[in-house]
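Worksheet: the structure to be examined is printed underneath.
The values are calculated or read from the model by the stated rules, or taken from the named source; none is laboratory data. All figures in this text were calculated on a predicted structure; none of them were measured in a lab. Positions of Cβ are generated from backbone atoms using ideal geometry, with glycine treated the same way; all protein chains shown enter the neighbour counts. Only protein heavy atoms, including side chains, enter the accessible area calculation; ligands, DNA and RNA are left aside. Shrake-Rupley method; radii C 1.70, N 1.55, O 1.52, S 1.80 Å.
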Amino acid sequence: MTSTPTNPVSVALLTLGCARNDVDSEELAGRLAADGFTLVDDPEDADTVVVNTCGFVDAAKKDSIDTLLAAADLKESGRPQAVVAVGCLAERYGEELADSLPEADAVLGFDDYQDISGRLRSILAGERPHPHAPRDRRLLLPISPAERQAAVETAEAAGFGAEVDIAIPGRSAIRRRLDGGPMAPLKLASGCDRRCTFCAIPMFRGSFVSRRPSDVLQEAHWLAEQGVKELFLVSENSTSYGKDLGDLGLLETLLPELTAVDGIERVRVSYLQPAETRPGLVRAIATTPGVAPYFDLSFQHASASVLRRMRRFGDPESFLGLLDQVRGLAPEAGVRSNVIVGFPGETEEEFQTLCDFLVAARMDVTGVFGYSDEDGTEAEKLDGKLDDDEINARVQHLNDLVSELTAQRAEERICSTVEVLVEELDPDGTGDGTVEGRAAQQGPEVDGTTRVLGVPDARVGDLVTAVVVATDGVDLIAEPAGGQR
């Protein structure tokens, strides 16, 4: 029988992918710390390295594998004794990933999260757990959202054990912050019920399951106690929040409760599906004090025919009408989106429809992705595939257009007043009192930043009122307008 080490063990958690993965890593960290593990930042100082992988698109998969290989190299020259893969890539590919990546000591799925400490101690003791066989996690819960809560509560009561065969990342109340910044993601839900033909996420993340409002609020209070000033609400589809709890308008009710949490200055909602973005939700985001007027709208395309092949809904007229609603309530609202170029069957006319829509939409940020087949998706089997050269040419054309459009949109904000959440002091090391952060229309990491000149007494986490005086691409440059808190 293999003995299990009982001495304190150090672990480094490396996180790739989206903000939802950040929350999962902090919950893993919370479990590990509660069970006696020592958390370290540098993998070279760790007994074991846990890589929370991303399995969304090819580039993200490559980054995850490269990170695992780099961590495995440390075993040859440094302290680490084991490298463990968790997260979406591990859940999605399981045995296949383990076979193709022998450098990793284990590939763990979501069902292993509940006993992550035991799993790591066993691995360090020399055991090699058999990787899980991937499955369609949508089949683990009832098809009807109204019937899911009973199944979820049964799973929670059993500790997400094997008996009930359900593990839902983001449902744990245990969390340990890994980033001390003034912004923190807060998970609203996990999973997705949509069946977009290009997306594999529902298969390995499962059906849509909302967190109870009381749990979200409790975690918001805890984050505020940790010094968080901005809550970034994340899920695979925030517009669906509450549908499995019997109240599709629950997010509109929850937002003012979150802004009322002592210490929270700003609440930001992410991942909105345009076809589900109802007028009441638009109004709540645009007009609720303390909620950032920020609309992360997943358009994906603008041509109605392409959207139908994607199993999505919309067209330029309906999308522009939604943007008119937003700007009618909040003229300075930030709008970002992602689009896919070169989807199977995309004609030059359909591509031009997308280009024309982006010109008319005047969004602050647009992410452009070239289509690639994703394993197990319906689009993988569609006819009309474009060759890589054509997809790359369209991506380049659209990126050039988007760069011009978003720079113009940033310039339109010159002379406007913004409230900037300070995230970095003296970013250039000049000591001139410059600080860097984000205005209300700028989401974390992907939407650009705002530099405020001449605020020598600012601290990280302050909200500084400033006037935009110049731009640098999508980034804003501002001067203080006398307000700071």
(message) Of all residues being in contact with a Pro (Cβ under 7 Å, 6 or more places away or on another chain) and closer than 20 Å to G181 by Cβ in segment 452-485, which is surrounded by the fewest Cβ atoms within 10 Å (Cβ to Cβ)? Just the residue, please.
(response) V460
(message) Looking only at segment 147-191, count every residue that is modelled with pLDDT of 60 or more and of a type in the set (S, T, Y) and tell me the total.
(response) 2
(request) Could you tell me whether any residue of segment 67-84 is crowded, with 16+ Cβ neighbours inside 10 Å, under 24 Å from M183 (Cβ atoms) and under 25 Å from the mean Cα position of the chain (by Cα)? (result) yes
(message) I need the helices (runs of 4 or more DSSP H) fully contained in segment 72-154, keeping only those with at least 3 residues that are of a type in the set (A, V, I, L, M, F, W, C).
(response) 88-93, 116-124
(request) Output the number of the condition that R336 fails; it satisfies all remaining conditions of (1) part of a loop (DSSP other than H, G, I, E, B); (2) of a type outside the set (F, W, Y); (3) touching an Asp or Glu at 6+ places or on another chain (Cβ under 7 Å). (result) (1)
(request) Output the residue which, of all residues in segment 118-146 that are more than 19 Å from E91 (Cβ to Cβ) and within 27 Å of the chain's Cα centre (by Cα), is modelled with the lowest pLDDT. (result) A146
(message) For segment 335-349, which positions are in contact (Cβ under 8 Å) with a residue 12 or more places away in the chain and either closer than 20 Å to K381 by Cβ or surrounded by 19 or more Cβ atoms within 10 Å (Cβ to Cβ) (or both)?
(response) V335, R336, S337, V339, I340, V341, G342, F343, P344, G345, E346
(request) Within segment 379-404, track down each residue that is part of a helix (DSSP H, G or I) and crowded, with 17+ Cβ neighbours inside 10 Å. (result) A379, I391, R394, V395, L398, V402
(request) Mind listing whichever residues of segment 181-218 are under 30 Å from V460 (Cβ atoms), free of Cβ contacts under 8 Å to residues at least 60 places away in the same chain and in a loop (DSSP other than H, G, I, E, B)? (result) R211
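So for segment 267-282 (the condition being of a type in the set (S, T, N, Q), buried (at least 21 other Cβ atoms within 10 Å of the Cβ) and touching a helix residue (DSSP H, G or I) at 6+ places or on another chain (Cβ under 9 Å)), does at least one residue qualify? If you could, list the steps in order and put the result at the bottom.
Of the residues in segment 267-282, the ones of a type in the set (S, T, N, Q) are 270, 273, 277.
After this cut, where a residue has to be buried (at least 21 other Cβ atoms within 10 Å of the Cβ) as well, the list is 270, 273.
Still in the running and touching a helix residue (DSSP H, G or I) at 6+ places or on another chain (Cβ under 9 Å): 270, 273.
Within segment 267-282, one or more residues are of a type in the set (S, T, N, Q), buried (at least 21 other Cβ atoms within 10 Å of the Cβ) and touching a helix residue (DSSP H, G or I) at 6+ places or on another chain (Cβ under 9 Å).
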(request) For E27, work out the one condition from (1) touching a Cys at 6+ places or on another chain (Cβ under 8 Å); (2) open to solvent by 10 Å² or more (accessible area, probe 1.4 Å) it doesn't fulfil. (result) (1)
(request) Would you mind stating whether T48 is open to solvent by less than 20 Å² (accessible area, probe 1.4 Å), in contact with an Asp or Glu (Cβ under 9 Å, 6 or more places away or on another chain) and in contact (Cβ under 8 Å) with a residue 40 or more places away in the chain? (result) yes
(message) Of everything in segment 299-331, what is in a loop (DSSP other than H, G, I, E, B) and at pLDDT 95 or above? Give them in sequence order.
(response) F299, H301, A302, S303, M310, R311, R312, G314, D315, A330, P331
(message) Consider segment 417-437. How many of its residues are within 16 Å of I477 (Cβ to Cβ) and either in a loop (DSSP other than H, G, I, E, B) or without any contact (Cβ under 8 Å) to a residue 40 or more places away in the chain (or both)?
(response) 11
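Right, R92: out of contact with any helix residue (DSSP H, G or I) (no Cβ under 6 Å at 6 or more places or on another chain) and either closer than 24 Å to I65 by Cβ or open to solvent by 10 Å² or more (accessible area, probe 1.4 Å) (or both) or not? Let's see the steps before the verdict.
Details: out of contact with any helix residue (DSSP H, G or I) (no Cβ under 6 Å at 6 or more places or on another chain): no; either closer than 24 Å to I65 by Cβ or open to solvent by 10 Å² or more (accessible area, probe 1.4 Å) (or both): yes.
Against the criterion (out of contact with any helix residue (DSSP H, G or I) (no Cβ under 6 Å at 6 or more places or on another chain) and either closer than 24 Å to I65 by Cβ or open to solvent by 10 Å² or more (accessible area, probe 1.4 Å) (or both)), R92 does not qualify.
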